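Notes to accompany the following structure.
The values are calculated or read from the model by the stated rules, or taken from the named source; none is laboratory data. Worth saying up front: this structure is predicted, and the values here are computed from it rather than measured. When we count neighbours, we look across all protein chains shown, and the Cβ atoms used for this are built from the backbone with ideal geometry, even at glycine. Each accessible area value is taken on the protein alone, full model and side chains, heavy atoms only, with ligands, DNA and RNA left out. Shrake-Rupley method; radii C 1.70, N 1.55, O 1.52, S 1.80 Å.
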Amino acid sequence: MKDDDRTGGILILDFGSQYTQLIARRVREFEVYSEIMPWNAPIARMRSARPKGVILSGGPRSATGPDAPAIDQEIFHWGVPILGICYGMQLIAHTMGGVVQKGRLGEYGRTTVSFTNSGLKLLKNVPSKVDVWMSHWDEVRELPAGAVRFGESETGGCAAFSIENERITGLQFHPEVESTEYGREMLSAFVFDICGCDANWKLGDWVERSLEKIKETIGERDRVVCGLSGGVDSTVAAVLVSKVAGDRLDCVFVDHGFMRKDEPAQVLDMYEKLNLRVHHVEASERFLSAIGGVATPERKRKIIGELFVRVFEEQANDMGGAKWLLQGTIYPDVIESGHVGGDVIKSHHNVGGLPEDMKMGLLEPLRELFKDEVRKIGPLLDIPEEFLKRHPFPGPGLAVRCLGDLTRERLDILREADSIFIREIKDAGLYDSIWQAFCVLLPVRSVGVAGDVRTYGETVVLRAVASLDAMTAESVRLPWDLVDRVAKRICGEAPLVGRVAMDVTGKPPATIEWE
Ligand code: XMP
């Protein structure tokens, strides 16, 4: 994408919210260019984006606290519309002379907001009462001079205000999350009706821009080594970079021994078809002994992540020294590893496990994308649809699905159970409509009876979830005869399994993976 095409979009300033990327994603869904910058990026860099509008994200801090992330006042003088969401709203109020204080109650989750001015552009397709998603403790007690309140929450708090006829707007709730009714309509009104953006940005442009950035980063001579996991993200990242790096790209497929049944052979076959140069490293023994008796999820993830990088480094040295390590990190990995200022939910292996003394630079071209966006990019790079539709699989693989003793025998049990479950789901024609389905092996044994003999077997849990972007998920209501058949087959065919249970928890409160 040329520099000029990039102007006219929305600049999103990130104050550390879990939802910042969702804002960008919504704007991109409208085919409008959007760019996220940290709140403290140099003002010259923000200016050079020449945005048609600015959105200030939410964030975990208090706008009035010491060292609170602030906004450069120059932005108010650009004359472009500004939308502050949650922390962003409080920051506008505080910066412009209003009063922000800790509320008595705080509002978390779904609540109803009533709008008092239906004539606003922002509300042109929005009814006067909507359910919205709130997540805040502080509230705007006094508006800045010239601000008009147009929304009130159930507790009577200020839920929305505008200044200078909607040039500056503050929303206490999150229009970017699915749980906010008419959130898309409000954002669309901001982007098109208030900022006057054009819908002219396509994922193809993202690919082009990304290729340019990769070219700038690796220059004419740098070699790149890529950690291929067999999943969609690292494969798309590798094919993308191969377009620039050509034979300067070496891929390393580390078989850590935590893959699904027959998976190593299948993915190697696929990589050959994609013309990627792949070095296959069989390292299962090394990984198993490194994990040893460690059962704590975070420790496991860190150990696997670190060993992964070490194995890459060894390979890179063998291959004459690569300067860059390419990884298929996507945005949910970044958010949940706490790398944008939020809380650490779990250290995703491509992010949290990296050792501080790593010798190679990191190349993460998909870092700002969601999974479904990565999947849409695949066909633009001629990656077969069938491969792109595979369910997501975590970097640490079955290691985070095999709870308790991590031994070859237990991993084999899990592999067998998982392959039965997935086969049945595919045969029922349900695979493509499910975000992710898999089995988990619990560190729990239970008593059973088989052929008049007492058994004391392993427990397998079935998990199938529906999701749009892995940020939230719901359990899938599988047909009961399918569940029944799977349970019988697993107990009959997977060695030592005596019980099959089903996980019906959503995210939140659970995460998709068990560890
Ligand atoms: P959770 O369990 O956090 O997972 O709800 C969200 C999505 O991310 C996948 N996942 C990972 N992907 N490296 C990855 O590339 C990891 O370490 C990792 N851990 C979880 C998970 O399968 C789900 O799709």
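Please give the contour-minus-distance gain from Ala145 to Asp484: 0.36 nm per residue of separation, less the Cα-Cα distance, rounded to one decimal in nm.
In short, 115.6 nm is gained.
Sort Ser48, Ser153, Ser118 by accessible area with a 1.4 Å probe, largest first.
So the residues, ranked largest to smallest area, are Ser118, Ser48, Ser153.
Using Cα atoms only, what is the angle between the long axis of helix 263-273 and the major principal axis of the chain, expressed in degrees (0 to 90) to the nearest 10?
70 degrees
Lys124: accessible area at probe 1.4 Å, nearest 10 Å²?
Solvent-accessible area, nearest 10 Å²: 110 Å².
If I model a spin label at Lys273 and Asp131 as a point 7 Å from the Cα along the Cα→Cβ vector, what separation in nanometres do I get?
For Lys273 paired with Asp131, the spin-label model returns 4.4 nm.
Tell me, what is the 1.4 Å probe accessible area of Thr296, in Å² to the nearest 10?
Only protein atoms counted, so the area is about 80 Å².
Which residues among the stretch 457-482 fall inside the zone where the amide N is under 17 Å from a point 7 Å beyond the Cα of Met502, along Cα→Cβ?
460-467, 474-482
Just to check I understand the Karplus step: with θ = phi - 60° and J = 6.51 cos²θ - 1.76 cosθ + 1.60, what whole-Hz values come out for the stretch 466-475, glycine and proline as x?
9, 7, 9, 8, 6, 6, 9, 7, 10, 5
Give me the lysines in straight-line cross-link reach of Lys323: C-alpha distance below 19 Å, same-chain residues under 8 apart excluded.
Within the straight-line cut-off, Lys323 pairs with Lys213, Lys215, Lys243, Lys359.
Calculate what fraction, in whole %, of the accessible area of the stretch 203-388 sits on carbon and sulfur atoms when a 1.4 Å probe is rolled over the protein chains.
47 percent
How far is helix 408-427 tilted off the main Cα axis of the chain, in degrees rounded to 10, range 0 to 90?
With rounding to tens, the tilt is 70 degrees.
Could you give the nm distance between label points at Arg47 and Trp78, where each point is 7 Å from its Cα heading toward the beta carbon?
Those two pseudo-labels are separated by 1.1 nm.
Using the heavy atoms of the protein chains alone and a 1.4 angstrom probe, what is the accessible area of the chain per residue in square angstrom?
43 Å²
Quick one: length gained pulling Asp318 to Lys121 fully straight, 0.36 nm per residue minus the C-alpha distance?
Roughly 64.8 nm would be gained on extension.
Under the Karplus relation 6.51 cos²θ - 1.76 cosθ + 1.60, θ = phi - 60°, what is the ordered set of whole-Hz ³J(HN,Hα) values for the stretch 19-27, x standing for Gly and Pro?
3J(HN,Hα) across the stretch 19-27, in whole Hz: 9, 3, 5, 5, 4, 4, 5, 4, 4.
Straight-line reach only, C-alpha to C-alpha below 30 angstrom: list the lysines that Lys124 could link to, leaving out same-chain residues fewer than 8 apart.
Lys52, Lys202
Would you calculate, for the chain, the mean residue ellipticity at 222 nm contributed by helices, counting each DSSP H stretch of 4 or more residues as -39,500 (n - 2.57) and dividing by all residues, to the nearest 500?
It comes out at -9500 deg cm²/dmol, rounded to the nearest 500.
Kindly express, to the nearest 10 degrees and within the range 0 to 90, the angle between helix 480-493's C-alpha long axis and the longest C-alpha principal axis of the chain.
40 degrees
Quick one: Cα centre-to-centre distance for the stretch 222-246 and the stretch 452-515, in angstrom?
Their Cα centres are 33 Å away from one another.
Could you check what % of the DSSP bridge pairs in the chain are antiparallel, to the nearest 5?
50 percent
Toward the positive end of the charge dipole of the chain, about the Cα centre and with charges on Cβ (Lys, Arg +1; Asp, Glu -1), which of Gly448, Val460, Gly378 goes farthest?
So the residue furthest toward the plus end is Gly448.
Amide H neighbours of Ser34 under 5 Å, counting only residues 5+ apart in sequence or on other chains, H built in-plane at 1.01 Å?
Correct list: Ile10.
Pull up all non-local amide H partners of Ser229: gap of 5 or more, or a different chain, and H-to-H distance under 5 Å with H placed in the peptide plane.
Distant-sequence amide H within range of Ser229: Ser234, Thr235.
Once label points are set 7 Å from the Cα along Cα→Cβ at both Gln101 and Ile434, what is their separation, rounded to one decimal in nm?
Each label point is offset 7 Å from its Cα along the Cβ direction, giving 5.3 nm.
Could you give me the ³J(HN,Hα) list for the stretch 443-449, computed from phi with Karplus coefficients 6.51, -1.76, 1.60 and θ = phi - 60°, whole Hz, x at Gly and Pro?
Per residue, the Karplus-derived 3J(HN,Hα) values read x, 10, 10, 9, 7, x, 9 Hz.
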